[in-house]
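Trainee: One structure, as structure tokens, below. Some questions next.
The values are calculated or read from the model by the stated rules, or taken from the named source; none is laboratory data. Treat the numbers as computed from the prediction; the structure is a model and nothing was measured. Backbone-built Cβ (ideal geometry, glycine too); neighbour counts: all protein chains shown. Heavy atoms of the whole protein, side chains included, go into the accessibility calculation; ligands, DNA and RNA do not. Shrake-Rupley method; radii C 1.70, N 1.55, O 1.52, S 1.80 Å.
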Amino acid sequence: RDTAKKAATFRKEGLMPAVIYGRSEESTPIFLSRKEFEKVFKTAGSSTVITLNGLGEEKDALIHDVAFHAVSGEPLHADFYAIEKGQTVTVSVPLEFDGVAPAVKDLGGILTKVMHELEMEVVPKDLPQAIHVDVSMLQALDSKIFVSDLKLPASAKISVPMDEVVAMISVGQEESEE
């Protein structure tokens, strides 16, 4: 059968082809509303567990991969990774830096972001969309924020040491006169 023609026909109707698979989930092709998918993808991204309906039973899944049209940027296809009950997932979660560092504002220091994401193994329901880093705790020119300072989900297991630096204040070096 002509599956390419079929997909194009479905796309004209506002539907998007996708596939759902997982550890104990057979690969299953599905179609879903492109508009609904765009709305969910914009808010959930690829590090939030979503629930898919209409497959006999509700399925918790992560948006694993999305193919976009090269010109229009419209999503053409999505891969969903189904999550079993009790299964953990390993995901790189982006760090979001919030606030103003007093050491930058008052002392002229430079905020250096050492990490931009943190990989964690976590129970899907605890998976954060982002980890917020409050830079207002950087008071002095030698201040640092460590992984241990971050608010992480209770079930999170991380592979980097807790004393790894996330952000710090650097001092701009003035050239000395000879």
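Trainee: From the convex hull of the Cα coordinates of the chain, what is the mean projected area in square nanometres?
Mentor: If I average the Cα hull's projected area over directions, I get 15.6 nm².
Trainee: Under a point-charge model restricted to the Cβ atoms of Lys and Arg (+1) and Asp and Glu (-1), what is the dipole moment magnitude of segment 1-131 relative to its Cα centre, in debye to the nearest 20?
Mentor: With Lys and Arg at +1 and Asp and Glu at -1, about 560 debye.
Trainee: Taking a probe of 1.4 angstrom, what is the accessible area of residue 81 in Å², to the nearest 10?
Mentor: 50 Å²
Trainee: Give me a comma-separated list of calculated 3J(HN,Hα) values for segment 16-32, in order, Karplus coefficients 6.51, -1.76, 1.60 applied at θ = phi - 60°, integers in Hz, x for any Gly or Pro.
Mentor: 10, x, 8, 9, 10, 8, x, 4, 10, 10, 5, 4, 10, x, 9, 10, 9
Trainee: To the nearest 10 Å², what's residue 28's accessible area with a 1.4 Å probe?
Mentor: 50 Å²
Trainee: Sticking with this structure for a sec: Name the residue from 169, 92, 140 whose Cα lies farthest towards the positive end of the charge dipole of segment 74-178, charges +1 on Cβ of Lys and Arg and -1 on Cβ of Asp and Glu.
Mentor: Among 169, 92, 140, the one farthest towards the positive end of the dipole of segment 74-178 is 92.
Trainee: May I ask you to rank 146, 97 by accessible area, largest first, using a 1.4 Å probe over the protein chains only?
Mentor: Accessible-area ranking of 146, 97, largest first: 146, 97.
Trainee: Heavy-atom accessible area per residue, the chain, 1.4 Å probe: how many Å²?
Mentor: 64 Å²
Trainee: Between residue 15 and residues 5 or more places away or on another chain, which pairs have amide H atoms under 5 Å apart, with H built 1.01 Å from N, and which residues are they?
Mentor: Hits under the 5 Å cutoff: 34.
Trainee: On the accessible surface of the chain, probed at 1.4 Å, how many percent belong to carbon and sulfur atoms?
Mentor: 50 percent
Trainee: In degrees, nearest 10, range 0 to 90: what is the angle between the Cα axis of helix 3-12 and the longest Cα principal axis of the chain?
Mentor: Rounded to the nearest ten degrees, it is 70.
Trainee: At 222 nm, what helix-only mean residue ellipticity would the chain give, in deg cm²/dmol to the nearest 500, using -39500 (n - 2.57) for each DSSP H run of four or more?
Mentor: -4000 deg cm²/dmol
Trainee: Further, regarding this structure: Any chance you could look up the accessible area of residue 25 with a 1.4 Å probe, heavy atoms only, rounded to 10 Å²?
Mentor: For residue 25, solvent-accessible area is about 50 Å².
Trainee: Same structure, new question: Please return the longest stretch of the chain lacking exposed loop sites, where trypsin sites (Lys or Arg not before Pro) count only if DSSP places them in a loop and at most 10 other Cβ atoms lie within 10 Å.
Mentor: 86-150
Trainee: Between residue 57 and residue 163, take the C-beta separation as r, use R0 = 41 Å, and let me know the FRET efficiency to the nearest 0.05.
Mentor: The value I calculate is 0.40.
Trainee: When the Debye formula is applied to the Cα atoms of segment 35-85, each taken as the same point scatterer, what base-10 log of I(q)/I(0) results at q = 0.13, 0.19, 0.21, 0.29 Å⁻¹?
Mentor: -0.32, -0.65, -0.77, -1.23
Trainee: Can you give the local net charge around residue 21? Use residues other than it whose beta-carbon is closer than 14 angstrom to its beta-carbon, Lys and Arg +1, Asp and Glu -1.
Mentor: Residues close to residue 21 contribute a combined charge of -4.
Trainee: Here's another thing I want to ask about it. So what J values fall out for segment 116-122 if you push phi through Karplus, 6.51 cos²θ - 1.76 cosθ + 1.60 with θ = phi - 60°, rounded to Hz, Gly and Pro as x?
Mentor: Working through the residues one at a time gives 10, 8, 9, 7, 9, 9, 8 Hz.
Trainee: Over segment 48-120, what is the mean sequence separation of C-alpha contacts under 8 Å (at least six apart), divided by residue count, expressed as relative contact order in percent?
Mentor: It comes to 22 percent, rounded to a whole number.
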